[in-house]
Structures are given as structure tokens and as C-alpha cells.
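The structure appears below as C-alpha cells.
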């Protein structure tokens, strides 16, 4: 034991740090690809529902990343003002899901007529 740094850090912690590092790298790569696709020109070519989905995802990603940062700093997000942002996003998600369900219903009704 003593000063050996390999013994001081449990294997489970090393594994968790390694996995987190890999996940952050993967997130960065995927987020960059997603944000490139969400420029004004691309968004303007989308339908209203598709555009709402893309903007909702951006808001959700940003909020989750901020929450993760706060958690890593020891902040309890249940009492932090970001909690209201999560609640607001839940309302948007419900509304978006409602319109997506309606669109799917109309699509299936139209397809069954043919």
C-alpha cells in the first residue's frame, strides 16, 4: 500500500473514468455532426414539426450538459434554477409528442385509403 498510485485508485473508479472519457469523446463527435446539420439553411428546409424536433433536441442536449457540469461540481440540480428548465422541456416534449402522434395518425389514415 502506501504511496503507490495504482493501489490508491480502485479498478472500478479507473474503469468509470475511462468509460466517461470515451463517452465524452463520442458525444463531442456526434454533437458536432448534429450541430453542423442545424444551421439556418438546413432548418429552413425542414417542415415545422421536423424543425421543432431538431430545436427541442438542441435545447435538451444543452440543458443536460449543463446539468452534468453542475452535478460534477457538486451542485444539487433538484434545487438549482435549471430544474425549471427541465420542467419546461418536459412540457415542450409533451406538446411535440402530441403533434407527432397526430401526424402519424393522419399518415396511417391516408395510407389505408389507398
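Each reported figure results from applying straightforward, stated rules to the coordinates on display, with no laboratory input. Remember, it's a predicted structure, so these values are computed and weren't measured experimentally. Note that each Cβ is placed from the backbone with ideal geometry, even for glycine, and that neighbours are counted across all protein chains shown.
Within a 10 angstrom radius of the beta carbon, how do 29, 43 rank from fewest other beta carbons to most?
On the way: 29 10, 43 13.
So the residues, fewest neighbours to most, are 29, 43.
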Completion exercise
In degrees rounded to 10, the 0-90 angle between helix 11-36 Cα long axis and the longest Cα principal axis of the chain is 30 degrees
Completion exercise
Taking Cα atoms, the helix 48-72 axis meets the longest principal axis of the chain at an angle in degrees (rounded to 10) of 20 degrees
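Run lengths n ≥ 4 of DSSP H only: what is the helix-derived mean residue ellipticity at 222 nm for the chain, with -39500 (n - 2.57) per run over all residues, to the nearest 500?
Working: 5 runs with 93 residues, N = 114.
For the chain, the value works out to -28000 deg cm²/dmol.
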Completion exercise
Residue span residue 20 to residue 68: 0.36 nm per residue of separation minus Cα-Cα distance leaves a gain in nm of 16.1 nm
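Express in nm, to one decimal, how much length is gained between residue 50 and residue 75 on full extension, taking 0.36 nm for each residue of separation and deducting their alpha carbon distance. Walk me through the intermediate numbers first.
Numbers: separation 25, 0.36 × 25 = 9.00 nm, distance 3.43 nm.
Going from the current span to full extension adds 5.6 nm.
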Practice task
Taking 7 Å along the Cα-to-C-beta vector as the label spot, tell me the residue 110-residue 28 distance in nanometres, rounded to one decimal.
Solution key: 4.3 nm
